[in-house]
Amino acid sequence: VRLGSNNFGAPSDSEGRSFYQPLNRLERFIDHNKTVRILDLSYNRAGPKGVGIIAKAMCKNISIHTLNLSGNDLMVEEAPEEEEDPEFVEDDAVFGELYEALEALSEMVKKNKFLRSLSLRNNFIKPQDVNEDDDEDMGTDTPIMKFFEPFKKYHRIEVLDLSANELGDTGIRLLCSCLKENQSVRHLDISSNGITSKGLKFIADWLKDSEHIDTLVAQNNLFAPKVGTKSKKAIATAMASARSFADAMATNKTLQILNLSSNHFGPEMSAELLSRLSEASELIELYFDSNELCSSVGGTDFTPIAITHIYNAIAKQGSSLATLSLSGNYIQYQGIVALSVGPTPAAEDGSPTRAPSPSMVATSALKGIVTLNLSRNAIGDEGLVLLAKGLATDAVIANLTLSYNGITSPQPLVQVLRSPSVQLATLDLSHNNLGSDTSESAVRNFGVFSSAVAMSGGIQSLNLSYNELSYIHGPALASIARASACPLSTLTVVGNPFIGIAATVHILSELKSNRNLRTFRITTPSTGNHAVLVEAVIDLLTVNRVLTDVDCSLNMGVAEEQGIATIQKLLLMNGLRLSPSLVDGLVPGSADGHVPSADHVAAL
């Protein structure tokens, strides 16, 4: 049951009073229902009392295992006045004694034996009445500690999302002190909580001894010193905390997924954090986006000290790392060299003094990575050539994201797409400059790339959005569209309006014979003959029975309303045909596994 963003507890009259009747009725529903497993009440502005109403009912519920209470003004400074509920019964067993805010959630954690996932994102949760300068003050009897304390004794919640709150260093200290005794929380999200390097040390002390956590998400905090700070003490504290975290990561034997993105560590602090990455024996996924890994903010210099530790980890025999996300880290060509073959002697400008030999590239450390995100790293064409050579044979790469990299030619990827030992499934080349060069040779190379996609036995999703493609690239895109033997299910070409309406109509015509593509999205000029586009889409969907998502950026002011309605109906019919379980029991013959006929679907 998903009831997010309905303002159930929001002030609803001109005087700003809250009316809790919907939540009171929902409480009775929760109290009696035994079948609902997931309940989403996010962003309803329920307030401290509204959350208390839900938590009260959850104390006795035996079916709900996932509860989302994000965005409910849990700790607003001043709760609105309450409008009287005519259905309220003072001694009703359901209503009974009512706690509010964090105290109500504390009772829920104690009494509910079935809840496994709790999301409290964006609720203004913060430590109150706790001495921030005294690390010995455990905040006894404070609201936040009343909520955290039960985690010491009750080991049921497995997924806890406290992101986008105001925990700060004090709040994270209190949380970690309780989680040290907890045996159930395995997924913790503390992103966007204003935690500094001091708090990072508390996290490290807990992580070092934890035997249960497998996913830690700590994006967008304040772990690093402020940019430009000259305080030796602040820098020393940050570096010491980073070393403690590195030690904890190496010691912990359960952590599988770590997300430290958007913390802007810089090369030096990143190097400390990753110094023992190769010893994190169980780590499978590392997300380290937007951390200035190889250069200062906006810089063009290159510093290899941090990325070298990543190379050491992925090059290690038996490495468990399968997902590596390094978007927005100024990696450049030199970083691709470092990731592929390790550090090489560098010139004064930071570039390698010699290009890696073919034999070195052939043993690229990136061969063992399944999902690789290198977007926003200015690797350029030179970096793509080196990357593609390393992934062309015996690589396990399945998902590759290279958006925002200033790439002008996709041709180097042909060898990856054609390799019988590589099964690339997802390729994102959006926001590059693949169509900027309109020379005959460049257009021909784009055609070679498109042919390789069409003949690929593994590619399932291709994103070529925002690449300055035009009508001269239309024939190449059409070759992808008619490739019925290719398993491609999603083709996205939005943000390229100069492809034009005529070329788009040609691509739509070629899609008629395609039996694998489910989603096709393209941008056409806002002016022009959109009636022709509508006719082409209807013509396509009359023949093609597998497309369920077609977006040609039709101008609703130009296209006929009747034509749009016809397209919607045809897409819906395709969706129902591809999901017989949706009509099981409603359409005769669907229960035995046969796809329902067009007449039955239309009738439904």
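The values are calculated or read from the model by the stated rules, or taken from the named source; none is laboratory data. Fair warning: this is a prediction, and the values are worked out from it, not measured in the lab. No Cβ is skipped: glycine too gets one built from the backbone with ideal geometry, and neighbour counts run over all protein chains shown. Side chains included, ligands, DNA and RNA excluded: accessible areas come from the protein's heavy atoms. Shrake-Rupley method; radii C 1.70, N 1.55, O 1.52, S 1.80 Å.
Brief remarks on what is shown
- Cα lying deepest toward the dipole's positive end in the chain, options Leu260, Phe449, Cys59, charges on Cβ: Phe449
- Neighbour net charge for Glu103 - beta-carbon separation under 12 angstrom, K R +1, D E -1: -1
- The phi torsions of region 223-233, fed into the Karplus equation with coefficients 6.51, -1.76 and 1.60 and a -60° offset, translate into couplings of 4, 8, x, 4, 4, x, 5, 10, 5, 5, 5 Hz, rounded to whole numbers, with Gly and Pro shown as x.
- Across the chain, the relative contact order, built from alpha-carbon pairs under 8 Å that are at least six residues apart, equals 5 percent.
- Only the Cβ atoms of Lys and Arg (+1) and of Asp and Glu (-1) were treated as charged; on that basis the dipole of the chain about its Cα centre amounts to roughly 2360 debye.
- Amide H partners (placed H, <5 Å) of Phe19, local residues excluded: Ser12, Glu83
- Cα shape, region 459-567, gyration tensor, a/c 1.5 rule: oblate
- Dipole of region 186-287, positive direction: furthest Cα of Ser192, Gly228, Ala246, with charges on the beta-carbon: Gly228
- Each Lys and Arg Cβ is given +1 and each Asp and Glu Cβ -1; about its Cα centre, region 193-241 then shows a dipole of about 560 debye.
- Net charge of neighbours whose Cβ lies under 14 Å from the Cβ of Leu469, counting Lys and Arg as +1 and Asp and Glu as -1: -1
- When both region 372-395 and region 468-522 are represented by their alpha-carbon centers, they are found 25 Å apart.
- Summing Lys and Arg as +1 and Asp and Glu as -1 over all other residues whose Cβ lies under 13 Å from the Cβ of Ala536 gives a net charge of -2.
- In terms of distances greater than 22 angstrom between alpha carbons, the cross-link table entries Lys198/Lys226; Lys232/Lys253; Lys226/Lys253 yield Lys232/Lys253; Lys226/Lys253.
- From its DSSP helices (H runs of at least four residues, each -39,500 (n - 2.57)), the chain gives a residue-normalised ellipticity at 222 nm of -10500 deg cm²/dmol.
- Cα gyration tensor category, rounded, prolate or oblate, for region 115-252 with a/c compared to 1.5: prolate
- Debye equation applied to the C-alpha atoms of region 266-309, log10 I(q)/I(0) at 0.20, 0.25, 0.30 Å⁻¹: -0.62, -0.88, -1.11
- Surface composition of the chain: carbon and sulfur make up 50 percent of the accessible area, probe 1.4 Å.
- Whole-Å semi-axes of the ellipsoid equivalent to the chain (Cα gyration tensor, √5λ, descending): 45, 38, 21
- Taking packing as the residue-averaged number of other Cβ atoms within 10 angstrom, the listed peptides 396-403, 42-49 run from highest to lowest as 42-49, 396-403.
- Phi angles of region 186-192 translate, via the Karplus equation with coefficients 6.51, -1.76, 1.60 and θ = phi - 60°, into HN-Hα couplings of 10, 10, 10, 10, 10, 5, 6 Hz per residue; Gly and Pro are given as x.
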